Amino acid sequence: MSDRKLYQAVSDKFTEITEQMAMHDSIKMILSQPKNEIIVNFPVLMDDGSYQLFKGYRIQHNNILGPFKGGIRFHPEVSLDETKALSMLMTIKCALVQIPFGGAKGGIKFSPFKYSREELRRITRRFTSALGNNIGPSHDIPAPDVGTNSQTMVWMMDTYKNVGKTQEFHNAVVTGKSLNCGGSEGRNSATGFGAIYNVEYWAEDTKFDLSKSTFAIQGMGNVGSFAALKMAENGSKLVAVNDYAGTLIDPNGIDVEALATYMQEKRTLEGFNGLKLQSRDAFFEAENDIMILAALENQVAENEAPKIKSKLVVEGANGPVTPEGEAILLERGIEILPDILTNAGGVVVSYFEWVQNKNSESWELEEVERKLRKRLKRAFDAVRKIQIEEKKSMRDSCYLRALNYINDVYLERGIFP
Ligand code: GLU
């Protein structure tokens, strides 16, 4: 089961790193499990007059640094283990980029593409009302994730406003909202662009010329599309793309803008530019310099890692490279930019959105992007320093920086009472 695998991978990494840094046992114990695991089963009226029962989750992992924070996923594979693993990754991610949030994750186990807009609206509203005051602008702040978007967040905010107790700053109860309803400039593109800012820092550091490079991308959803557009802006050529339907390969280059528009409409690679769909393996075997993984977890394992020809693998999604896959890539000298650093742009701009909402401000895009770049660069440089000084992988260096910070805060504050 893939969700179990991600949970195991995140827990194992946590244990490995906390042992290296001699974290206090009581702090290790607290962080090894989420604080709250909320599961709700709720009925929703379907368009045909029938009712369907849905299972929703909100896992609140830790809030020592600030309110719980993390996305809401709508996907048929959503499970307790997957959500627990992703909530822990959020705690570590927020600590890594030093924003005043803890970690959480939520979701509903269903495929949103099989439901009408009205059904989606009722599912989202009923889920939000079932969560009640378990979410709130200074308690737990959801955001978009796989299968959700700004519309989902606006429905959540509106429902919260109508049923929740807190009326103050109610629009800050979720981030990733539309601009009309209190969202921030630059939030929609933040995860994908942020991933490529990290690629730019890596390229500067390794003296790699992005403008002469080629790249491959898995997943052309929100993260993948913006990442691909930013790579193209840097002069890199898209030569392979993969999604659940298959793989498109064109060594002469695939038009990223046309592809992003096509994917938004059709949601599948099938039929794009008359190119023939190839196998999943063909994607991992393709020649390219940089491979961006922007789909789901557990994509690169023992089968895929030996085939990859890239110099750099970029985790736009959460957990796309398994520990076994990572060991093979590192052994082969292929660098990995890990998820908690690479895709942190989304939650960083979520933080900016929350700050703007609280202050009734609205910043210009240029200001958001400047602040985002600055924060990501600071995290990248700090992680690179640990990597060099302590001879660790990028992922281990990220965990070390984040967990040391959380450890220091616990030690200063003490454990209540
Ligand atoms: N779902 C995104 C993530 O995994 C964003 C979370 C947020 O903005 O709170 O990082």
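The values are calculated or read from the model by the stated rules, or taken from the named source; none is laboratory data. Source: prediction; values computed, not measured. Note: ideal-geometry Cβ built from the backbone for every residue, glycine included; neighbour counts use all protein chains shown. Surface accessibility is based on the protein's heavy atoms, side chains included, excluding ligands, DNA and RNA. Shrake-Rupley method; radii C 1.70, N 1.55, O 1.52, S 1.80 Å.
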Taking a crude spin-label model, label points 7 Å out from Cα along the C-beta direction, the F416 to I39 distance in nm is 2.6 nm
Sorted by accessible surface (1.4 Å probe, heavy atoms of the protein chains only), largest first, Y405, Y197 come out as Y405, Y197
Around T247 (Cβ within 14 Å, Cβ-to-Cβ, excluding T247; K/R +1, D/E -1) the net charge comes to -4
1/(1 + (r/R0)^6) with r = Cβ-Cβ of H24 and D48, R0 = 56 Å, i.e. FRET efficiency to nearest 0.05, evaluates to 0.50
Quick tally, 1.4 Å probe accessible area for D381, D48, D145, sorted with the most first, runs D48, D381, D145
Exposed GluC sites (Glu not before Pro) being those in a DSSP loop with at most 15 other Cβ atoms within 10 Å, the longest stretch of the chain free of them is 169-269
Computed over the chain, protein heavy atoms only, probe 1.4 angstrom, the accessible area per residue in square angstrom equals 42 Å²
Sparse-neighbourhood loop hits (trypsin sites (Lys or Arg not before Pro), the range 255-362; DSSP loop; Cβ within 10 Å at most 15 others) -> R267, K276, K309, R332
XL table K28/K93; K114/K358; K161/K358; K212/K385; K114/K230; Cα-Cα > 25 Å flagged, in table order, is K114/K358; K212/K385; K114/K230
As a percent rounded to 5, the proportion of antiparallel DSSP bridges among beta bridges in the chain is 45 percent
The percentage of the accessible area of the range 12-138 (probe 1.4 Å, all protein chains present) made up of carbon and sulfur atoms, to the nearest whole number, is 50 percent
Rh (Kirkwood, all Cα-Cα pairs) for the chain, Å, reads 21.6 Å
Each label sits 7 Å from Cα toward the beta-carbon; between K114 and S360 the label points are separated, in nm, by 4.6 nm
Under a 1.4 Å probe, counting only protein heavy atoms, D12 has an accessible area in Å², nearest 10, of 80 Å²
Placing one equal point scatterer on each C-alpha of the range 221-321 and summing with Debye, one gets log10 I(q)/I(0) at q = 0.11, 0.18, 0.22 Å⁻¹ equal to -0.29, -0.84, -1.34
Only helices counted: for the chain, with every DSSP H run of 4 or more residues adding -39500 (n - 2.57) and the sum spread over all residues, [θ] at 222 nm is -15000 deg cm²/dmol
Label model pair D250, E204: point-to-point distance (7 angstrom along the Cα→beta-carbon line) in nm is 3.3 nm
